[in-house]
Amino acid sequence: MQLTCRCLNHRPVRLCVAVRFQEFRIISATQFAYQSCLAPACGARYEVDEVLAVCPKCGELLDIGYEWDRLPVPGSLREFEERWSRRYEPLEFSGVWRFRNLLPFATEQKIVTIGEGQTILQQAPAVGKYIGLEPRNAFLQYEGLNPSGSFKDNGMTAAVTHAHMVGARHAACASTGNTSASLAIYASSTQLFKAVVFVGSGKISFGKLSQALDYGSRTLQLLGDFDDAMQQVRNVCAQEKIYLCNSLNPFRLEGQKTTIYRILEALRWEVPDWIVVPGGNLGNSSAFGKALGELKQLGLIDRIPRLAIINAAGANTLYQLYEQQGLRWNGGAPDQGLIDRFYQRMDEEQRRASTIASAIQINRPVSLKKALRALEICDGVVRQVSDQQILDAKAQVGAGGFGCEPASAASVAGAKLLREEGVISAGERVVCILTGHQLKDPNATVAYHADDAEQFQRVLGDYGVQSAPYANSPVVVANELEAILDVVRKT
Ligand code: F0G
């Protein structure tokens, strides 16, 4: 049987392959995937089964590339729908690996999956009203529905698959909490390797810390912040030959591309106008840009949605560099001097990131340059939102949807800001990515809602949060039926 493919020049071609697309098994995929240096000026290429943190030649980030014209790419995204009927097979059940033809770096035998990516796109009229959109135009993509409760599982399944391909017995990451929870669940549930996770002291919400502990990972609470932990884990992995699972690892981002495929799938393959995502270490936004660029290149979508990356105002490196200092991708040669001077000043002034959205409390985003590329591909914008705006948006997501953790709500707060600025118009279709589950950080939620001034001040005071206009406070009631009924009847 023949297979309809598209090669990079967008012309459909017929390949003589004796299988149909949906029956295709990635037997020799690794032959057609490679690692390449992000910097076009370097352009070094490496085999897919090499373990590299960065380009050995120039120290730049690595990217995964594919020889698409030698791989069976679907003629249309609709071809993926045929896989739904075979959900009893683990690779078809996975919301990451059912799209494996768009991240074909592994043989099927090596793929490690725990059923990640079963996430949904919810049309959220109430939240749409809050943002200022026509209610039917607002969508929330709940990545908190992943097994470890955040979007990190989309990427971790890919990193762990690569670790399995190269026979790694130990894996490590630095984390603000969700990456560590994700690595830990893959280690515990597959027993393929041991996990070591580095977290900053006092910088991680209890929900996330409890996951790493419960899943049995070796957990190092470093006396420093996330950026310190990131630096140390790189040192340790290099010295001890431990497999590094941070989003520095380009395979992670291959898995994270699939959020885009699932959004398109839920919209029956129609492209939305905007995708709005919180920005921390900038892995997710980078992956989204790569996914959309590839889909366009392969002729699988006809236009690219615009991307908005939202920083917390207390951790706004990308906002400052991109919106205020004009840093751009610049054909793969961003102004390194500008970046270096920015970080030098940050150190001199001892400025450290500080936000209630602890997941994105990051000074030096590792995937900065890849995010610049994504912004270029998607005609993107960057905005910053205050912790007050984040928590108000979070309360609205809870009241009008499934809820989320603080960092996730930056996307909704950012969409509202862009709507107020007129950058997004009411008639445009907007997808806000909710990156983490509501139960990851109950402290922030309870402090916002509970009518307890001392708790409010203790948990939120340092972050400039002054009021809780959308608080839904618990009602203290006497243990008497009449008093209880009185409250219930007023509901
Ligand atoms: N939202 C949540 C809930 C996160 O945990 C993170 C990152 C982000 C957004 C930002 O995503 O880094 O791809 O820009 N958390 C990382 C961690 C840093 O260690 O769990 P990003």
Exercise for review: Take every Cα-Cα pair in the stretch 85-227 and report what % of them are more than 22 Å apart.
Suggested key: 47 percent
**Study point:** Alpha-carbon centroid distance for the pair the stretch 250-299 / the stretch 129-200, whole angstrom
**Key:** 16 Å
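How large is the direction-averaged shadow of the alpha-carbon convex hull of the stretch 162-224, in nm²? Walk me through the intermediate numbers first.
Details: hull surface 15.4 nm².
With every direction weighted equally, the projected area is 3.9 nm².
Tell me, what is the Rg over Rh of the chain, with Rh the Kirkwood radius over Cα pairs? Display every interim value, and only then the final one.
On the way: Rg = 22.4 Å, Rh = 23.0 Å.
Ratio of gyration radius to Kirkwood radius for the chain: 0.97.
Rounded to the nearest 500, what is the 222 nm mean residue ellipticity of the chain from helices alone, with -39500 (n - 2.57) per DSSP H run of 4+ residues and division by all residues? Intermediate values should be presented prior to the final figure.
Numbers: 16 runs with 170 residues, N = 491.
Estimated from H runs of four or more residues: -10500 deg cm²/dmol.
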**Study point:** Distance histogram for the stretch 272-319 (every C-alpha pair counted, 5 angstrom bins, percent rounded to whole numbers)
**Key:** 5, 21, 27, 21, 13, 8, 4, 1
Review point. If you place +1 on the Cβ of every Lys and Arg, -1 on the Cβ of every Asp and Glu, and leave all else neutral, what size is the dipole of the stretch 63-194 about its Cα centre, to the nearest 20 Debye?
Key: 300 debye
Check your understanding: In whole Hz, what ³J(HN,Hα) sequence does the stretch 383-399 give by Karplus (6.51, -1.76, 1.60; θ = phi - 60°), x for Gly and Pro?
Key -> 9, 10, 10, 6, 5, 4, 5, 5, 6, 5, 5, 4, 4, 5, 5, x, 6
Check your understanding: Taking the highest mean first, how do the peptides 414-423, 143-152 order by number of other beta carbon atoms within 10 angstrom per residue?
Key -> 143-152, 414-423
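Assuming R0 = 41 Å, what is the FRET efficiency of GLN457 and GLN344, from their Cβ-Cβ distance, to the nearest 0.05?
Values: r = 35 Å, r/R0 = 0.86.
Efficiency for this residue pair is about 0.70.
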Exercise for review: Compare the peptides 460-468, 280-288 by average per-residue count of other Cβ atoms within 10 angstrom and give them in order, highest first.
Suggested key: 280-288, 460-468
Practice item. Using label points projected 7 Å from each Cα along Cα→Cβ, tell me how many nm separate ASN472 and ARG70, to one decimal. Key: 5.5 nm
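Sort 42-49, 261-268, 94-101, 436-443 by packing, meaning the average of other beta carbons within 10 Å per residue, with the highest value first. The partial results should precede the final answer.
Numbers: 42-49: 14.6, 261-268: 18.6, 94-101: 24.9, 436-443: 21.9.
Highest mean packing first, the order is 94-101, 436-443, 261-268, 42-49.
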Study note, to complete from the structure: Summing +1 per Lys or Arg and -1 per Asp or Glu among the other residues with Cβ less than 10 Å from ILE185's Cβ gives -2
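Based only on Cα atoms, what Rg/Rh ratio does the stretch 343-395 have, Rh being taken as Kirkwood's radius?
Across the stretch 343-395, the Cα-based Rg/Rh ratio is 1.03.
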Check your understanding: For the charge dipole of the chain, defined by +1 on Lys and Arg C-beta atoms and -1 on Asp and Glu C-beta atoms about the Cα centroid, which residue among ALA371, GLY75, CYS404 has the Cα displaced farthest towards the positive pole?
Key -> GLY75
**Study point:** Listed residue (THR157, SER85, THR259) projecting farthest to the positive dipole end of the chain, Cβ model
**Key:** SER85
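Computed from the coordinates by the stated procedures, all read-outs in this text should not be read as laboratory data. Predicted model only: the values in this text are computed from it and were never measured. Please note: Cβ atoms are built from the backbone with ideal geometry, for glycine as well, and neighbour counts cover all protein chains shown.
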